[in-house]
Amino acid sequence: MLSSFGILLSSAEFYSSVHKMSIVMDFEVKMLENMQKFIGKNQNKLNYIKERLSEYEREREEAMSQGPVYFENPVNKYLLNKRLTVDWERLENVLQYKEGEKTLKRIENTIVNTTELDGALEGVLRLHDVYRLNASDIASGLLQGVQYDVQFQARHCFDLGIKALDIEFPKLAYAWFMEALRRSSNDENINKLDIELAIASTKLKLGDVKGANATFTELVSLHPHNEKVAKVFEEFVKTSIGQPEYTVDYSTEHFPPPEDIQTAPRHDLFKFTCSGLLKKQPREERELRCGYLVETHPFLWIAPIKVEELNHNPLLVVFYDVLSDKEIETIRQLTKEIERATVMSNKGNIVSSVRTSQFQFIPVTRHPILATVDRRVEDMTNLNMKCSEEHQFANYGIGGQYSEHHDYFDFPEVGNRIATVLFYLSDVEQGGGTAYPQMKQLVMPKKGAAAFWYNLHASGKFDVRTLHGACPIIVGSKWVQNRWIREKDQMDRRPCYKFDDSLYH
(Lines give C-alpha, C1' and ligand atoms only; values in the text may rest on other atoms or scores of the structure.)
Protein backbone atom coordinates (compact mmCIF):
# COMPACT_ATOMS: atom_id res chain seq x y z
CA MET A 1 0.00 0.00 0.00
CA LEU A 2 2.76 2.43 0.97
CA SER A 3 4.88 1.70 -2.10
CA SER A 4 1.96 2.23 -4.46
CA PHE A 5 1.18 5.49 -2.65
CA GLY A 6 4.75 6.64 -3.32
CA ILE A 7 4.60 5.60 -6.97
CA LEU A 8 1.37 7.53 -7.43
CA LEU A 9 2.89 10.64 -5.93
CA SER A 10 6.14 10.58 -7.87
CA SER A 11 4.56 9.87 -11.26
CA ALA A 12 1.53 12.18 -11.11
CA GLU A 13 1.40 15.92 -11.77
CA PHE A 14 -0.55 18.23 -9.51
CA TYR A 15 0.48 21.88 -9.88
CA SER A 16 -1.28 22.32 -13.25
CA SER A 17 -4.74 21.72 -11.71
CA VAL A 18 -6.34 23.16 -8.58
CA HIS A 19 -8.53 20.05 -8.48
CA LYS A 20 -5.44 17.81 -8.33
CA MET A 21 -3.70 20.08 -5.79
CA SER A 22 -6.35 19.14 -3.23
CA ILE A 23 -5.03 15.56 -3.41
CA VAL A 24 -1.58 16.78 -2.37
CA MET A 25 -3.11 17.89 0.92
CA ASP A 26 -3.71 14.24 1.81
CA PHE A 27 -0.08 13.46 1.02
CA GLU A 28 1.06 16.11 3.47
CA VAL A 29 -1.21 14.63 6.12
CA LYS A 30 0.61 11.28 5.65
CA MET A 31 3.94 13.03 6.04
CA LEU A 32 2.85 14.69 9.28
CA GLU A 33 1.54 11.40 10.68
CA ASN A 34 4.81 9.60 9.90
CA MET A 35 6.84 12.39 11.46
CA GLN A 36 4.82 12.04 14.67
CA LYS A 37 5.67 8.33 14.82
CA PHE A 38 9.32 8.99 14.10
CA ILE A 39 9.62 11.54 16.91
CA GLY A 40 7.87 9.16 19.33
CA LYS A 41 10.57 6.51 18.66
CA ASN A 42 13.45 8.96 18.90
CA GLN A 43 12.98 11.15 21.96
CA ASN A 44 16.64 12.12 21.85
CA LYS A 45 16.26 13.76 18.43
CA LEU A 46 17.31 17.34 18.00
CA ASN A 47 14.73 20.01 18.76
CA TYR A 48 15.09 20.99 15.11
CA ILE A 49 12.62 18.27 14.08
CA LYS A 50 9.95 19.44 16.50
CA GLU A 51 10.37 23.03 15.39
CA ARG A 52 9.85 22.06 11.75
CA LEU A 53 6.81 19.94 12.64
CA SER A 54 5.25 22.84 14.54
CA GLU A 55 5.83 25.14 11.59
CA TYR A 56 4.25 22.73 9.07
CA GLU A 57 1.28 21.99 11.30
CA ARG A 58 0.54 25.70 11.58
CA GLU A 59 0.45 25.87 7.80
CA ARG A 60 -1.74 22.77 7.72
CA GLU A 61 -4.23 24.23 10.24
CA GLU A 62 -4.47 27.38 8.19
CA ALA A 63 -5.20 25.32 5.08
CA MET A 64 -7.86 23.27 6.90
CA SER A 65 -9.52 26.39 8.32
CA GLN A 66 -9.76 27.91 4.85
CA GLY A 67 -10.74 24.72 3.03
CA PRO A 68 -10.44 24.52 -0.79
CA VAL A 69 -10.12 28.33 -0.92
CA TYR A 70 -6.60 27.87 0.47
CA PHE A 71 -5.46 26.40 -2.88
CA GLU A 72 -7.01 29.20 -4.89
CA ASN A 73 -4.14 31.44 -3.79
CA PRO A 74 -1.07 30.81 -6.00
CA VAL A 75 1.26 31.84 -3.17
CA ASN A 76 -0.15 29.12 -0.87
CA LYS A 77 0.16 26.55 -3.67
CA TYR A 78 3.77 27.53 -4.27
CA LEU A 79 4.62 27.32 -0.53
CA LEU A 80 2.98 23.89 -0.28
CA ASN A 81 5.02 22.61 -3.21
CA LYS A 82 8.13 24.16 -1.62
CA ARG A 83 7.49 22.29 1.64
CA LEU A 84 6.84 19.01 -0.18
CA THR A 85 10.06 19.18 -2.18
CA VAL A 86 13.07 21.16 -1.00
CA ASP A 87 12.12 21.51 2.70
CA TRP A 88 11.25 17.84 3.19
CA GLU A 89 14.42 16.69 1.46
CA ARG A 90 16.49 18.77 3.87
CA LEU A 91 14.95 16.86 6.75
CA GLU A 92 16.26 13.56 5.41
CA ASN A 93 19.74 14.24 6.77
CA VAL A 94 18.31 14.83 10.24
CA LEU A 95 16.15 11.72 10.13
CA GLN A 96 18.92 9.21 9.30
CA TYR A 97 18.68 6.91 12.33
CA LYS A 98 18.35 3.12 12.19
CA GLU A 99 15.50 3.00 14.71
CA GLY A 100 13.31 5.08 12.39
CA GLU A 101 14.18 3.47 9.04
CA LYS A 102 10.65 2.27 8.27
CA THR A 103 9.13 5.64 9.08
CA LEU A 104 11.79 7.37 7.02
CA LYS A 105 10.97 5.12 4.07
CA ARG A 106 7.32 6.13 4.29
CA ILE A 107 8.27 9.80 4.24
CA GLU A 108 10.58 9.31 1.25
CA ASN A 109 7.77 7.55 -0.63
CA THR A 110 5.54 10.58 -0.06
CA ILE A 111 7.90 13.34 -1.26
CA VAL A 112 6.52 15.07 -4.34
CA ASN A 113 8.62 15.09 -7.51
CA THR A 114 10.73 18.27 -7.77
CA THR A 115 9.09 19.05 -11.11
CA GLU A 116 6.09 20.12 -9.02
CA LEU A 117 8.19 22.89 -7.49
CA ASP A 118 9.44 23.95 -10.92
CA GLY A 119 5.85 24.14 -12.14
CA ALA A 120 4.81 26.19 -9.13
CA LEU A 121 7.73 28.60 -9.58
CA GLU A 122 6.96 29.07 -13.26
CA GLY A 123 3.29 29.66 -12.41
CA VAL A 124 4.15 32.52 -10.04
CA LEU A 125 6.55 34.02 -12.60
CA ARG A 126 3.88 33.77 -15.30
CA LEU A 127 1.55 35.87 -13.15
CA HIS A 128 4.38 38.33 -12.53
CA ASP A 129 5.04 38.65 -16.26
CA VAL A 130 1.58 38.56 -17.84
CA TYR A 131 -0.17 40.85 -15.34
CA ARG A 132 2.86 43.13 -14.92
CA LEU A 133 2.85 42.71 -11.14
CA ASN A 134 5.64 43.76 -8.77
CA ALA A 135 7.79 41.20 -6.97
CA SER A 136 7.47 43.07 -3.68
CA ASP A 137 3.66 42.96 -3.91
CA ILE A 138 3.58 39.24 -4.72
CA ALA A 139 6.01 38.49 -1.87
CA SER A 140 3.75 40.46 0.49
CA GLY A 141 0.61 38.62 -0.65
CA LEU A 142 -0.76 41.61 -2.59
CA LEU A 143 -2.19 40.38 -5.91
CA GLN A 144 -3.75 42.99 -8.21
CA GLY A 145 -4.81 45.13 -5.29
CA VAL A 146 -6.19 42.28 -3.15
CA GLN A 147 -4.28 41.55 0.07
CA TYR A 148 -3.89 37.91 1.17
CA ASP A 149 -2.54 36.72 4.51
CA VAL A 150 0.68 35.17 3.23
CA GLN A 151 4.32 36.23 2.96
CA PHE A 152 7.38 34.98 1.06
CA GLN A 153 10.67 34.61 2.87
CA ALA A 154 14.00 35.60 1.33
CA ARG A 155 14.69 32.00 0.29
CA HIS A 156 11.42 31.84 -1.68
CA CYS A 157 12.29 35.08 -3.49
CA PHE A 158 15.78 33.79 -4.27
CA ASP A 159 14.36 30.55 -5.72
CA LEU A 160 12.03 32.57 -7.94
CA GLY A 161 14.98 34.65 -9.13
CA ILE A 162 16.96 31.54 -10.04
CA LYS A 163 13.98 30.09 -11.94
CA ALA A 164 13.41 33.42 -13.73
CA LEU A 165 17.01 33.34 -14.98
CA ASP A 166 16.55 29.73 -16.05
CA ILE A 167 13.55 30.59 -18.26
CA GLU A 168 15.18 33.75 -19.66
CA PHE A 169 13.35 36.42 -17.63
CA PRO A 170 16.38 38.38 -16.34
CA LYS A 171 14.42 41.55 -15.50
CA LEU A 172 12.03 39.58 -13.30
CA ALA A 173 15.01 37.72 -11.83
CA TYR A 174 16.63 41.00 -10.81
CA ALA A 175 13.42 42.08 -9.06
CA TRP A 176 13.21 38.82 -7.11
CA PHE A 177 16.87 38.92 -6.09
CA MET A 178 16.46 42.50 -4.83
CA GLU A 179 13.38 41.44 -2.87
CA ALA A 180 15.34 38.49 -1.45
CA LEU A 181 18.08 40.92 -0.37
CA ARG A 182 15.54 43.16 1.40
CA ARG A 183 14.16 40.16 3.30
CA SER A 184 17.46 38.36 3.97
CA SER A 185 17.99 39.78 7.47
CA ASN A 186 14.91 37.86 8.67
CA ASP A 187 15.69 34.54 6.98
CA GLU A 188 18.44 32.31 8.34
CA ASN A 189 17.97 29.88 5.43
CA ILE A 190 19.67 32.15 2.88
CA ASN A 191 23.19 33.51 2.56
CA LYS A 192 23.17 37.24 1.79
CA LEU A 193 26.36 36.89 -0.25
CA ASP A 194 24.68 34.37 -2.58
CA ILE A 195 21.96 36.93 -3.29
CA GLU A 196 24.47 39.71 -3.97
CA LEU A 197 26.43 37.49 -6.38
CA ALA A 198 23.20 36.62 -8.17
CA ILE A 199 22.33 40.32 -8.50
CA ALA A 200 25.73 41.05 -10.06
CA SER A 201 25.39 38.14 -12.50
CA THR A 202 21.87 39.23 -13.46
CA LYS A 203 23.09 42.75 -14.26
CA LEU A 204 25.53 41.18 -16.71
CA LYS A 205 22.71 39.07 -18.19
CA LEU A 206 20.75 42.29 -18.76
CA GLY A 207 23.71 43.87 -20.55
CA ASP A 208 24.56 46.28 -17.73
CA VAL A 209 28.31 45.52 -17.82
CA LYS A 210 29.28 48.63 -15.83
CA GLY A 211 26.69 47.93 -13.15
CA ALA A 212 27.79 44.30 -12.87
CA ASN A 213 31.44 45.35 -12.66
CA ALA A 214 30.68 47.86 -9.89
CA THR A 215 28.80 45.23 -7.83
CA PHE A 216 31.48 42.57 -8.32
CA THR A 217 34.24 45.05 -7.42
CA GLU A 218 32.43 45.96 -4.21
CA LEU A 219 31.96 42.30 -3.28
CA VAL A 220 35.63 41.51 -3.92
CA SER A 221 36.67 44.40 -1.65
CA LEU A 222 34.29 43.23 1.10
CA HIS A 223 35.27 39.55 0.78
CA PRO A 224 38.92 39.55 -0.42
CA HIS A 225 39.59 35.97 0.74
CA ASN A 226 36.32 34.36 -0.32
CA GLU A 227 37.05 31.70 -2.97
CA LYS A 228 33.49 31.71 -4.34
CA VAL A 229 33.55 35.48 -4.88
CA ALA A 230 36.96 35.26 -6.55
CA LYS A 231 35.80 32.46 -8.87
CA VAL A 232 32.57 34.19 -9.93
CA PHE A 233 34.41 37.46 -10.48
CA GLU A 234 36.99 35.68 -12.66
CA GLU A 235 34.18 34.20 -14.76
CA PHE A 236 32.62 37.66 -15.07
CA VAL A 237 35.87 39.19 -16.34
CA LYS A 238 36.16 36.52 -19.05
CA THR A 239 32.50 36.68 -20.06
CA SER A 240 32.19 40.48 -20.17
CA ILE A 241 35.08 41.05 -22.59
CA GLY A 242 33.66 42.44 -25.82
CA GLN A 243 30.06 42.24 -24.59
CA PRO A 244 27.87 45.16 -25.75
CA GLU A 245 26.80 47.65 -23.08
CA TYR A 246 23.13 48.51 -22.53
CA THR A 247 21.39 51.03 -20.33
CA VAL A 248 18.94 49.23 -18.06
CA ASP A 249 16.00 50.92 -16.35
CA TYR A 250 15.83 49.30 -12.93
CA SER A 251 12.90 51.47 -11.83
CA THR A 252 10.43 49.12 -13.53
CA GLU A 253 10.27 45.32 -13.58
CA HIS A 254 8.70 45.12 -17.04
CA PHE A 255 9.70 46.30 -20.48
CA PRO A 256 7.36 49.06 -21.74
CA PRO A 257 4.92 48.25 -24.57
CA PRO A 258 5.60 49.86 -28.00
CA GLU A 259 3.97 53.21 -28.76
CA ASP A 260 1.70 51.49 -31.25
CA ILE A 261 0.75 48.55 -29.07
CA GLN A 262 -0.76 46.57 -31.96
CA THR A 263 2.68 46.26 -33.61
CA ALA A 264 3.88 44.10 -30.71
CA PRO A 265 4.72 40.41 -31.29
CA ARG A 266 1.84 37.94 -31.12
CA HIS A 267 2.59 36.62 -27.65
CA ASP A 268 2.99 40.14 -26.25
CA LEU A 269 -0.41 41.06 -27.70
CA PHE A 270 -1.88 38.09 -25.83
CA LYS A 271 -0.29 39.25 -22.58
CA PHE A 272 -1.36 42.87 -23.13
CA THR A 273 -4.95 41.69 -23.64
CA CYS A 274 -4.85 39.63 -20.44
CA SER A 275 -3.49 42.58 -18.43
CA GLY A 276 -5.93 45.10 -19.90
CA LEU A 277 -3.34 47.16 -21.77
CA LEU A 278 -4.95 46.19 -25.09
CA LYS A 279 -8.70 46.69 -25.19
CA LYS A 280 -11.44 48.25 -27.30
CA GLN A 281 -12.04 51.98 -27.24
CA PRO A 282 -15.61 53.15 -26.45
CA ARG A 283 -16.15 54.09 -30.12
CA GLU A 284 -15.39 50.46 -31.09
CA GLU A 285 -18.12 49.20 -28.76
CA ARG A 286 -20.79 51.59 -30.01
CA GLU A 287 -22.53 49.10 -32.31
CA LEU A 288 -22.40 46.12 -29.93
CA ARG A 289 -25.67 45.02 -28.34
CA CYS A 290 -27.14 42.81 -25.60
CA GLY A 291 -30.46 41.04 -25.90
CA TYR A 292 -32.36 37.76 -26.05
CA LEU A 293 -31.75 35.11 -28.72
CA VAL A 294 -34.97 33.69 -30.21
CA GLU A 295 -34.17 33.17 -33.92
CA THR A 296 -32.15 29.96 -34.05
CA HIS A 297 -34.78 27.51 -32.73
CA PRO A 298 -38.57 27.64 -32.09
CA PHE A 299 -37.99 26.50 -28.49
CA LEU A 300 -36.26 29.82 -27.82
CA TRP A 301 -39.55 31.67 -28.37
CA ILE A 302 -40.63 30.44 -24.93
CA ALA A 303 -37.15 30.20 -23.37
CA PRO A 304 -34.95 32.89 -24.97
CA ILE A 305 -31.22 32.95 -24.20
CA LYS A 306 -29.45 36.04 -22.95
CA VAL A 307 -26.67 37.00 -25.37
CA GLU A 308 -24.05 39.75 -25.49
CA GLU A 309 -22.22 40.81 -28.64
CA LEU A 310 -18.51 41.37 -28.03
CA ASN A 311 -17.35 41.60 -31.64
CA HIS A 312 -19.08 41.67 -35.02
CA ASN A 313 -16.37 40.79 -37.52
CA PRO A 314 -15.32 38.16 -36.68
CA LEU A 315 -18.32 37.24 -34.60
CA LEU A 316 -17.80 36.76 -30.86
CA VAL A 317 -20.76 36.47 -28.49
CA VAL A 318 -21.36 35.26 -24.95
CA PHE A 319 -24.51 33.37 -23.99
CA TYR A 320 -25.48 33.68 -20.31
CA ASP A 321 -27.18 31.23 -17.92
CA VAL A 322 -27.10 28.37 -20.43
CA LEU A 323 -26.05 25.80 -17.80
CA SER A 324 -27.60 25.58 -14.33
CA ASP A 325 -25.60 24.95 -11.16
CA LYS A 326 -27.19 21.50 -10.91
CA GLU A 327 -26.18 20.63 -14.47
CA ILE A 328 -22.65 21.87 -13.85
CA GLU A 329 -22.39 19.74 -10.72
CA THR A 330 -23.51 16.67 -12.69
CA ILE A 331 -20.95 17.45 -15.40
CA ARG A 332 -18.15 17.97 -12.89
CA GLN A 333 -18.84 14.54 -11.38
CA LEU A 334 -17.82 13.01 -14.72
CA THR A 335 -14.34 14.54 -14.65
CA LYS A 336 -12.57 12.04 -12.40
CA GLU A 337 -9.67 11.18 -14.70
CA ILE A 338 -8.16 14.48 -15.75
CA GLU A 339 -4.51 14.46 -16.82
CA ARG A 340 -1.89 16.96 -17.98
CA ALA A 341 -3.11 18.74 -21.10
CA THR A 342 -1.13 18.44 -24.35
CA VAL A 343 -0.79 20.51 -27.53
CA MET A 344 -0.58 19.45 -31.17
CA SER A 345 2.88 19.50 -32.79
CA ASN A 346 4.64 17.91 -35.77
CA LYS A 347 5.69 15.21 -33.29
CA GLY A 348 2.14 14.49 -32.21
CA ASN A 349 0.52 15.49 -28.91
CA ILE A 350 3.13 16.81 -26.47
CA VAL A 351 3.21 18.37 -22.99
CA SER A 352 4.19 22.05 -23.24
CA SER A 353 4.49 25.10 -20.98
CA VAL A 354 2.25 26.79 -23.57
CA ARG A 355 -0.66 24.89 -21.99
CA THR A 356 -0.53 24.43 -18.22
CA SER A 357 -3.76 22.74 -17.26
CA GLN A 358 -5.23 19.27 -16.94
CA PHE A 359 -7.95 17.91 -19.19
CA GLN A 360 -10.17 14.99 -20.02
CA PHE A 361 -12.12 14.00 -23.14
CA ILE A 362 -15.49 12.35 -22.59
CA PRO A 363 -17.76 10.90 -25.34
CA VAL A 364 -21.30 12.23 -25.55
CA THR A 365 -22.61 8.72 -24.84
CA ARG A 366 -21.10 8.70 -21.34
CA HIS A 367 -24.01 10.52 -19.69
CA PRO A 368 -27.38 12.01 -20.82
CA ILE A 369 -26.31 15.46 -19.59
CA LEU A 370 -23.73 15.66 -22.40
CA ALA A 371 -26.39 15.09 -25.06
CA THR A 372 -28.47 17.79 -23.36
CA VAL A 373 -25.53 20.18 -23.64
CA ASP A 374 -25.18 19.41 -27.35
CA ARG A 375 -28.88 20.04 -27.99
CA ARG A 376 -28.48 23.38 -26.25
CA VAL A 377 -25.47 24.20 -28.41
CA GLU A 378 -27.56 23.49 -31.52
CA ASP A 379 -30.28 25.81 -30.18
CA MET A 380 -27.75 28.57 -29.52
CA THR A 381 -25.66 28.32 -32.68
CA ASN A 382 -27.98 26.70 -35.25
CA LEU A 383 -25.09 24.34 -36.11
CA ASN A 384 -25.23 20.56 -36.48
CA MET A 385 -23.52 18.68 -33.63
CA LYS A 386 -23.40 15.24 -35.32
CA CYS A 387 -19.70 15.48 -36.17
CA SER A 388 -18.54 17.49 -33.20
CA GLU A 389 -15.62 16.20 -31.17
CA GLU A 390 -15.81 14.57 -27.76
CA HIS A 391 -16.55 16.88 -24.85
CA GLN A 392 -13.30 18.29 -23.47
CA PHE A 393 -13.05 19.45 -19.85
CA ALA A 394 -10.11 21.38 -18.42
CA ASN A 395 -9.03 22.62 -15.00
CA TYR A 396 -6.30 25.22 -14.50
CA GLY A 397 -3.85 25.36 -11.59
CA ILE A 398 -1.03 27.65 -10.43
CA GLY A 399 -0.72 30.42 -13.01
CA GLY A 400 -2.51 28.03 -15.35
CA GLN A 401 -2.91 29.23 -18.91
CA TYR A 402 -3.25 28.18 -22.54
CA SER A 403 -1.17 30.62 -24.54
CA GLU A 404 -2.43 32.20 -27.76
CA HIS A 405 -3.50 29.73 -30.44
CA HIS A 406 -6.11 29.00 -33.12
CA ASP A 407 -8.65 26.19 -32.81
CA TYR A 408 -8.61 25.26 -36.50
CA PHE A 409 -6.58 22.49 -38.13
CA ASP A 410 -7.33 19.84 -40.75
CA PHE A 411 -8.96 16.48 -40.19
CA PRO A 412 -10.26 15.60 -43.69
CA GLU A 413 -12.71 12.92 -42.59
CA VAL A 414 -14.97 15.34 -40.72
CA GLY A 415 -13.67 18.72 -41.86
CA ASN A 416 -12.11 21.49 -39.84
CA ARG A 417 -13.38 23.13 -36.67
CA ILE A 418 -15.92 25.55 -38.03
CA ALA A 419 -16.78 26.98 -34.63
CA THR A 420 -16.04 26.79 -30.90
CA VAL A 421 -18.35 26.94 -27.90
CA LEU A 422 -16.47 27.48 -24.64
CA PHE A 423 -18.54 26.85 -21.51
CA TYR A 424 -17.42 28.31 -18.17
CA LEU A 425 -18.17 25.83 -15.39
CA SER A 426 -16.90 28.06 -12.57
CA ASP A 427 -16.34 31.65 -11.62
CA VAL A 428 -12.73 32.69 -11.06
CA GLU A 429 -11.82 35.10 -8.29
CA GLN A 430 -8.93 36.77 -10.13
CA GLY A 431 -7.51 36.31 -13.63
CA GLY A 432 -8.35 33.42 -15.95
CA GLY A 433 -10.03 35.39 -18.72
CA THR A 434 -10.08 34.35 -22.38
CA ALA A 435 -8.09 36.85 -24.46
CA TYR A 436 -8.75 37.61 -28.15
CA PRO A 437 -5.87 39.94 -29.13
CA GLN A 438 -7.02 40.64 -32.71
CA MET A 439 -10.46 41.61 -31.41
CA LYS A 440 -8.98 43.50 -28.42
CA GLN A 441 -11.38 41.58 -26.20
CA LEU A 442 -11.07 39.86 -22.81
CA VAL A 443 -13.90 37.54 -21.72
CA MET A 444 -13.92 36.86 -17.99
CA PRO A 445 -15.24 33.48 -16.74
CA LYS A 446 -18.86 33.53 -15.64
CA LYS A 447 -20.29 30.30 -14.28
CA GLY A 448 -23.00 28.95 -16.58
CA ALA A 449 -22.04 31.20 -19.52
CA ALA A 450 -20.58 30.19 -22.90
CA ALA A 451 -18.50 32.07 -25.47
CA PHE A 452 -19.10 31.34 -29.17
CA TRP A 453 -17.11 32.21 -32.30
CA TYR A 454 -16.47 30.93 -35.83
CA ASN A 455 -12.93 29.71 -36.51
CA LEU A 456 -13.38 29.77 -40.29
CA HIS A 457 -14.61 32.24 -42.86
CA ALA A 458 -17.75 31.22 -44.74
CA SER A 459 -15.49 30.11 -47.59
CA GLY A 460 -13.76 27.65 -45.27
CA LYS A 461 -10.54 29.69 -45.10
CA PHE A 462 -8.86 30.04 -41.71
CA ASP A 463 -9.88 33.18 -39.84
CA VAL A 464 -6.59 34.24 -38.26
CA ARG A 465 -8.38 36.97 -36.32
CA THR A 466 -9.81 34.30 -33.97
CA LEU A 467 -6.45 33.97 -32.22
CA HIS A 468 -7.21 33.46 -28.54
CA GLY A 469 -5.80 32.08 -25.31
CA ALA A 470 -6.58 31.39 -21.66
CA CYS A 471 -4.97 33.99 -19.40
CA PRO A 472 -3.22 32.75 -16.23
CA ILE A 473 -5.24 32.13 -13.09
CA ILE A 474 -4.24 34.55 -10.32
CA VAL A 475 -6.57 33.26 -7.59
CA GLY A 476 -9.25 30.63 -7.97
CA SER A 477 -10.01 27.43 -9.85
CA LYS A 478 -11.12 27.55 -13.48
CA TRP A 479 -13.17 24.79 -15.06
CA VAL A 480 -14.17 24.95 -18.73
CA GLN A 481 -15.91 22.69 -21.23
CA ASN A 482 -15.03 22.90 -24.94
CA ARG A 483 -17.35 21.98 -27.79
CA TRP A 484 -15.53 22.00 -31.11
CA ILE A 485 -17.96 21.84 -34.03
CA ARG A 486 -16.81 20.43 -37.37
CA GLU A 487 -17.62 21.54 -40.94
CA LYS A 488 -19.29 18.33 -42.08
CA ASP A 489 -23.08 18.49 -42.60
CA GLN A 490 -23.28 22.24 -41.96
CA MET A 491 -24.23 23.38 -45.50
CA ASP A 492 -27.89 23.87 -44.56
CA ARG A 493 -26.86 25.72 -41.38
CA ARG A 494 -23.98 27.91 -42.60
CA PRO A 495 -23.71 27.81 -46.41
CA CYS A 496 -20.18 27.87 -47.79
CA TYR A 497 -19.17 30.80 -50.04
CA LYS A 498 -17.61 29.94 -53.40
CA PHE A 499 -15.39 33.03 -53.29
CA ASP A 500 -12.61 33.71 -50.80
CA ASP A 501 -14.35 36.02 -48.35
CA SER A 502 -11.18 36.22 -46.21
CA LEU A 503 -9.84 38.74 -48.78
CA TYR A 504 -12.56 41.22 -47.86
CA HIS A 505 -11.84 41.54 -44.13
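Remark: relative contact order (the stretch 114-184) = 31 percent; criterion is Cα-Cα distance under 8 angstrom and separation of 6 or more residues.
With the gyration tensor restricted to C-alpha atoms of the stretch 127-262, the semi-axes of the equivalent ellipsoid amount to 27, 21, 10 Å, longest first. Between Glu33 and His267, the modelled labels are 4.4 nm apart [label points 7 Å from Cα along Cα→Cβ]. Taking all protein chains together, Glu339, Glu28, Glu122 sort by accessible area into Glu339, Glu122, Glu28, largest first [probe 1.4 Å]. Between amide H atoms placed 1.01 Å from N, distances below 5 Å from Leu293 occur with Ile305, Lys306, Val307, all of them 5 or more places distant or on a separate chain.
With the simple spin-label model, which puts each label point 7 Å out from Cα in the Cβ direction, the Glu413 to Val69 separation comes to 4.9 nm.
Straight-line cross-link partners of Lys306 among the aspartates and glutamates, defined as a Cα under 17 Å from its Cα and at least 8 positions apart when in the same chain: Glu295, Asp321, Asp325, Glu378, Asp379.
Per residue, the accessible area of the stretch 134-232 comes to 48 Å², computed with a 1.4 Å probe over protein heavy atoms only. Taken one residue at a time, the phi angles of the stretch 68-73 give Karplus couplings (6.51, -1.76, 1.60, θ = phi - 60°) of x, 4, 3, 7, 7, 9 Hz. Gly and Pro are set to x.
Place a point 7 Å from the Cα of Met444 along the Cα-to-Cβ direction; which residues of the stretch 147-162 have their backbone N under 16 Å from it? Residues 147 fall inside that zone. Amide H contacts for Val317 (H built 1.01 Å from N in the peptide plane; partners 5 or more residues away or on another chain; cut-off under 5 Å): Leu310, Phe452. Between amide H atoms placed 1.01 Å from N, distances below 5 Å from Ser477 occur with Glu429, all of them 5 or more places distant or on a separate chain. Solvent exposure of Arg417, expressed as accessible area, is near 20 Å², computed with a probe of 1.4 Å over the protein chains only. Charges were assigned to the Cβ only: +1 to each Lys and Arg, -1 to each Asp and Glu. The resulting dipole of the stretch 362-505 about its Cα centre is roughly 240 debye.
Rounded to the nearest 0.05, what FRET efficiency do Ser240 and Glu188 give with R0 = 45 Å and r taken as the Cβ-Cβ distance? Could you check?
Working: r = 33 Å, r/R0 = 0.74.
For Ser240 and Glu188, the calculated efficiency is 0.85.
3J(HN,Hα) couplings calculated from phi for the stretch 280-287 with the Karplus curve 6.51 cos²θ - 1.76 cosθ + 1.60 (θ = phi - 60°) are, in sequence order, 5, 7, x, 5, 7, 9, 4, 8 Hz; Gly and Pro show x.
Under conditions of 4 °C and 1.567 mPa s, the stretch 348-505 yields 79 µm² s⁻¹ as its translational diffusion coefficient, taking Rh as the Kirkwood radius over Cα pairs in the Stokes-Einstein equation. In the stretch 223-266, the ratio of gyration radius to Kirkwood radius, Rg to Rh, stands at 1.25 when only Cα atoms are counted. Computed from phi, the 3J(HN,Hα) profile of the stretch 460-467 under the Karplus parametrisation 6.51, -1.76, 1.60 (θ = phi - 60°) reads x, 6, 4, 9, 5, 6, 8, 3 Hz, with x in place of Gly and Pro.
If you take the Cα atoms of the stretch 211-329, find Rg, then find the Kirkwood Rh from the mean of 1/r over all pairs, what is Rg/Rh? Present the calculation step by step, with values, prior to reporting the outcome.
On the way: Rg = 28.4 Å, Rh = 21.0 Å.
Ratio of gyration radius to Kirkwood radius: 1.35.
Reducing the stretch 119-156 and the stretch 373-414 to their Cα centroids gives an inter-centroid distance of 32 Å.
The values are calculated or read from the model by the stated rules, or taken from the named source; none is laboratory data. What you see is a predicted model, and the numbers here were worked out from it, not measured in a lab. Positions of Cβ are generated from backbone atoms using ideal geometry, with glycine treated the same way; all protein chains shown enter the neighbour counts. Just so you know, the surface numbers come from the protein's heavy atoms only, side chains and all, with ligands and any DNA or RNA stripped out. Shrake-Rupley method; radii C 1.70, N 1.55, O 1.52, S 1.80 Å.
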